[in-house]
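Worksheet: one structure, shown below.
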Amino acid sequence: MTSLDHSARTISPATGKLGVLMPGLGAVASTLIAGVMHSRHTGEPPLGSVSQMAHIRLGTREAGRNPRINEFVPLADLDDLVFGGWDPLSPNVLEAARTAGVMKESDLAPLSGELEGIVAMDAVFDQRWVSRITGVRVKSETNMMEQAEALIADIEKFRVENNCDRLVMVWCASTEAFQQPSDVHATIESFEEGLRNNNDNISPSQIYAYAALLSGVPFANGAPNLTTDLPCIVALSEREGVPIAGKDFKTGQTLMKTLIAPGLKSRMLGIRGWYSTNILGNRDGEVLDAPENFQTKESSKLGVLDTILQPELYPELYGEIDHKVRIDYYPPRGDEKEGWDNIDIFGWLGYPMQIKINLLARDSILAAPIVLDLALFMDLASRAGESGVQEWLSFYFKAPQSAGPNDPEHDIFIQQTKMKNTLREWMGEQPVTHSEAG
Ligand SMILES: NC(=O)c1ccc[n+]([C@@H]2O[C@H](COP(=O)([O-])OP(=O)(O)OC[C@H]3O[C@@H](n4cnc5c(N)ncnc54)[C@H](O)[C@@H]3O)[C@@H](O)[C@H]2O)c1
């Protein structure tokens, strides 16, 4: 649809239950599930969720039409969500939440029965990709194609047992070791051949994505590993008519980066260096302590500045940036990560200045509402007839994927406009241009 065509899309209604399946029932997934249940029980708003809290302007400013997004587009209701997932360690979501230690026992206690009732399915897990975890609840199949078939059977069983109308899958499992795409990832056929032959370059996240797409289930990747950004997975999502999105939830330090960098650039302030360091003590931090897993995260975090700052257009301002990112595993902090950023900037006459940021964040508290929004929006995209890469959801990702040959957009304000204008277009409303007349 072009921006000149304002007839609404046909979007099927969000009737019945929406199953939200997550490989990885760890800190993020358990905080999401407990948070949604807490909201349902108390009626408290799901803070941080754009789909539930943000308003969207329709038409001119004078028109005064500002519904909430969930009143404007047909999203599944929080009461209609059913959760499930796979994990090689966590037996159920209550245990996962307790291990993660994100939420207080007093917040978990009223939900304990429900959380305990969500039992992890046995995972497709391979320690070669996550060396710091020794999996115990792991599928017995050793052939990768058989593992994919076992996942497809799990998905179908979950759908039937929970009477789900639709399903979505969001990868909330550990970050896998770094890899580049290889020949096996080139086409659907080579990938399937690789599954049958247990190709060493196929990781578990890729098997989950394959199983989801063949089951008609939209798949979003919350971690930086290579999954939705593989040619075979993109082709499969287009062939099966299923949406995909990735990758790596944009929280914490990268969120700050994409808030601050566009602001500095908007005023043509130069940047000479950006040094970011973190301490993190949760299981995610432990997994990222392995150099091969950190490398995956590092490459996802480093891409951000270049695309926002466009050094090719502004060599005098951004042509010589030293950008460093460090993460140290520091157990005493648990999920309460601390990040420090030192930004060396310069302005008029080249005089140097500095910005220091000290972010004391709770990782899973920032990530949980993103998972909720992605689940609801991926389901919306599917009902709107979308398939392939959902570029309009770049807003949520550290390393967003573009649907075409263009570089992905990292500037969070452009991403937000793109997301809201996509929703406006689907609903037959004019895009908001913020021009004098608009
Ligand atoms: N919290 C954030 O702010 C944030 C931001 C961006 C990305 N992420 C990513 O989200 C993911 C989840 O983060 P978390 O803090 O919940 O980590 P976590 O370690 O608490 O949970 C991950 C879970 O995945 C499980 N797992 C590992 N391999 C698996 C497999 N093959 N199948 C199924 N389960 C598997 C682990 O046993 C663990 O329980 C990580 O990859 C992290 O890098 C988190």
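The values are calculated or read from the model by the stated rules, or taken from the named source; none is laboratory data. Keep in mind that what you see is a predicted model, and the values were worked out from it rather than measured. Cβ placement follows ideal geometry from the backbone for every residue including glycine, while neighbour counts extend to all protein chains displayed. Just the protein is used for accessible areas: all its heavy atoms, side chains included, with ligands, DNA and RNA removed. Shrake-Rupley method; radii C 1.70, N 1.55, O 1.52, S 1.80 Å.
Of the trypsin sites (Lys or Arg not before Pro) in segment 118-161, not one is in a loop by DSSP (not H, G, I, E or B) with at most 10 other beta carbons within 10 Å.
Per residue, the convex hull spanned by the Cα atoms of segment 163-258 amounts to 123 cubic angstrom. Among beta bridges from DSSP that stay inside the chain, the antiparallel ones total about 45%. Per-residue extension of 0.36 nm, minus the Cα-Cα distance of residue 55 and residue 407, leaves a gain of 123.9 nm for this segment.
If R0 equals 45 Å, the separation of the Cβ atoms of residue 433 and residue 277 corresponds to a calculated FRET efficiency of about 0.70.
Which shape class, rounded, prolate or oblate, goes with segment 273-324 when its Cα gyration tensor gives a ≥ b ≥ c as root eigenvalues, a/c under 1.5 marks rounded, and past that a/b bigger than b/c marks prolate? Kindly include the intermediate steps, with their values, before the conclusion.
On the way: a/c = 3.64, a/b = 2.69, b/c = 1.36.
In terms of gyration-tensor shape, prolate.
Net length available on complete extension from residue 186 to residue 104 is 24.9 nm, with 0.36 nm assigned per residue and the Cα-Cα distance removed. The residues of segment 172-301 present an accessible area of 31 Å² per residue when probed at 1.4 Å with all protein chains retained.
Give me the net charge for the shell around residue 322: Cβ to Cβ below 10 angstrom, other residues only, Lys and Arg +1, Asp and Glu -1. Its environment carries a net charge of 0. Each Lys or Arg adds one and each Asp or Glu subtracts one; over the other residues with Cβ under 13 Å from the Cβ of residue 275, this totals +3.
Computed packing ranks the peptides 193-200, 89-96, 68-75 as 89-96, 68-75, 193-200, most packed first, by mean other Cβ atoms within 10 Å. Taking amide H as placed 1.01 Å from N in the peptide plane, residue 179 has its amide H under 5 Å from the amide H of 226, each at least 5 places away in sequence or on another chain. Each part gets one Cα centre, and for segment 145-213 versus segment 285-314 those centres are 25 Å apart.
Overall, the accessible surface of the chain at a probe of 1.4 angstrom is composed of carbon and sulfur to the extent of 51 percent. An oblate overall shape is assigned to segment 323-426, the ratio a/c of its alpha-carbon gyration tensor axes (a ≥ b ≥ c) being 1.5 or greater and a/b not exceeding b/c. Relative to its Kirkwood radius, the Cα radius of gyration of segment 17-134 gives an Rg/Rh of 1.09.
The magnitude of the dipole of segment 289-380, with charges of +1 and -1 set on the Cβ of Lys/Arg and Asp/Glu and taken from the Cα centre, is near 240 debye. Which whole number in µm²/s is D for segment 107-215 by Stokes-Einstein, with the Kirkwood Rh taken over Cα pairs at 20 °C and 1.002 mPa s? It diffuses with D of about 138 µm²/s by this estimate.
Distance between the C-alpha centres of segment 44-67 and segment 227-277: 24 Å, rounded to the whole angstrom.
When all alpha carbon pairs of the chain are counted in 10 Å bins from zero, the resulting P(r) reads 4, 21, 31, 27, 13, 3, 0 %. Sparsely packed loop sites in segment 295-396 (the GluC sites (Glu not before Pro) outside DSSP H, G, I, E and B with at most 14 other Cβ atoms within 10 Å) comprise 312, 320.
Mean sequence separation of contacting Cα pairs (under 8 Å, at least six apart), scaled by the length of the chain, corresponds to a relative contact order of 21 percent. For residue 409, neighbours were defined as the other residues whose beta-carbon sits under 11 Å from its Cβ, and their charges (Lys and Arg +1, Asp and Glu -1) total -2. Put simply, when 358-367, 402-411, 203-212 are sorted by average Cβ atoms within 10 angstrom per residue, most first, you get 203-212, 358-367, 402-411.
Take the Cα of residue 346, step 7 Å toward its Cβ, do the same at residue 119, and the gap between the two points is 6.4 nm. Looking at segment 3-59, which trypsin sites (Lys or Arg not before Pro) are in a loop (DSSP not H, G, I, E or B) and have at most 15 other Cβ atoms within 10 Å? Loop-located and lightly packed - 9.
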